[in-house]
């Protein structure tokens, strides 16, 4: 069974389950349409020719996708005129899958969607084993035992607990704290105090020297006063 249908200014010979590419149609992908311009139709025994169309005949098809044709180059040239024009073009197309050819008064058959194959009926992959469906976790049956994870042991207390190392504890407690780095303010204060002390010591040095000189001058007079009076005075020559 076949039919000759016209769409987009072109004619196509189609049969059920054929896939053709026609000029762009205003239909969404997955939508079902009917082509009414049937020029000829055959049921396998007789051929019906239209004048120019077959009365009541139509072709049911499903839109697969919208695509574009191959790129063509259009080049024009006029000799001795320095005229050249080069253009590219890709034609907008629609891919159709022919479902059935309907005569006058014939209705479309309602097709049911195929159910998704179950996981048990899936074919095993080449060179491997078929994957089994994941089993849902169920409760344990009566009479069966289940292993339980041991609870973590509690730390020992009292006399049984091991004493911590005394050396490590003493070292941790006696470790000196890290010395803090002096700030700029502290350094300036220390420098100022050192300068003041040095200046004070320089001022005190002359006073101490004068005091020592005075003590040295007063020493002979004190010794003469302390000397005994019975000693005879030395004679003058």
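Every number in this text was worked out from the coordinates using simple rules, so none of it is lab data. Values in this document were obtained by computation on a predicted structure and should not be read as measured data. Here Cβ is always computed from backbone atoms with ideal geometry, including for glycine, and neighbour counts include all displayed protein chains.
A compact table of results
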{"item": "At R0 = 22 Å, FRET efficiency that the Cβ-Cβ distance of residue 71 and residue 10 yields, to 0.05", "result": "0.65"}
{"item": "Relative packing of peptides 70-78, 95-103, 11-19 - highest average C-beta neighbours within 10 Å first", "result": "95-103, 11-19, 70-78"}
{"item": "For peptides 20-27, 3-10, sequence by mean Cβ density within 10 Å, most packed first", "result": "3-10, 20-27"}
{"item": "Relative packing of peptides 185-196, 57-68 - highest average C-beta neighbours within 10 Å first", "result": "57-68, 185-196"}
